[in-house]
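Single-structure report; data block below.
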């Protein structure tokens, strides 16, 4: 039988690593969704507008406050619990309540006063028309009549 020397610090490091992993997993489960990764967002533009889509299920249209200032779109929302939670014994809770916001720089100047926001099936779609100067312009090419042909 071979004797091995006991290294207490190696054992302490193993226990500390296991505890760190356990605490990280627990905090990941308890962290409200609005304090973790941002909500999914799509930003794209067409010839006429900049469109922002945000996946925000479980809200009502009146929960949103949307503003545009200096080329920055800000989406603010407030989620409140709908029912009394006094007699509930949660086993798992990931749906967060409270307020949050997200700001995104717009890729082109927009007419904020003509913006439209539609909330349907958990998807908030904001359409912001571009200012006339930012829209691509097409120039029609016309044929010039030959002046010499008419002169003769």
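Residues checked against (1) surrounded by fewer than 15 Cβ atoms within 10 Å (Cβ to Cβ); (2) at positive phi; (3) modelled with pLDDT of 95 or more; (4) within 27 Å of the chain's Cα centre (by Cα):
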site: 99; (1), (2), (3), (4): yes, no, no, yes
site: 107; (1), (2), (3), (4): yes, no, no, yes
site: 112; (1), (2), (3), (4): no, no, no, yes
site: 118; (1), (2), (3), (4): yes, no, yes, yes
site: 134; (1), (2), (3), (4): no, no, no, yes
site: 137; (1), (2), (3), (4): yes, no, no, no
site: 142; (1), (2), (3), (4): yes, no, no, no
site: 149; (1), (2), (3), (4): yes, no, no, no
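Which condition breaks for residue 93 when tested against (1) surrounded by 10 or more Cβ atoms within 10 Å (Cβ to Cβ); (2) touching a helix residue (DSSP H, G or I) at 6+ places or on another chain (Cβ under 9 Å); (3) at pLDDT 80 or above?
So residue 93 meets the others, but not (3).
Residues in the stretch 34-42: is at least one at pLDDT 90 or above and either outside any loop (DSSP other than H, G, I, E, B) or out of contact with any helix residue (DSSP H, G or I) (no Cβ under 7 Å at 6 or more places or on another chain) (or both)? Steps first, please.
So in the stretch 34-42, the residues at pLDDT 90 or above come out as 41-42.
With the extra rule that they be either outside any loop (DSSP other than H, G, I, E, B) or out of contact with any helix residue (DSSP H, G or I) (no Cβ under 7 Å at 6 or more places or on another chain) (or both), the set shrinks to 41-42.
Within the stretch 34-42, one or more residues are at pLDDT 90 or above and either outside any loop (DSSP other than H, G, I, E, B) or out of contact with any helix residue (DSSP H, G or I) (no Cβ under 7 Å at 6 or more places or on another chain) (or both).
Residue by residue through the stretch 70-81, note down the ones that are free of Cβ contacts under 8 Å to residues at least 24 places away in the same chain and either out of contact with any helix residue (DSSP H, G or I) (no Cβ under 7 Å at 6 or more places or on another chain) or under 14 Å from residue 112 (Cα atoms) (or both).
Answer for the stretch 70-81, where residues must be free of Cβ contacts under 8 Å to residues at least 24 places away in the same chain and either out of contact with any helix residue (DSSP H, G or I) (no Cβ under 7 Å at 6 or more places or on another chain) or under 14 Å from residue 112 (Cα atoms) (or both): 70, 80, 81.
The values are calculated or read from the model by the stated rules, or taken from the named source; none is laboratory data. Only a predicted model underlies this, so the values are computations on that prediction, with no experimental measurement involved. With ideal geometry, Cβ positions are generated from the backbone for all residues, glycine too; neighbour counts draw on all protein chains shown.
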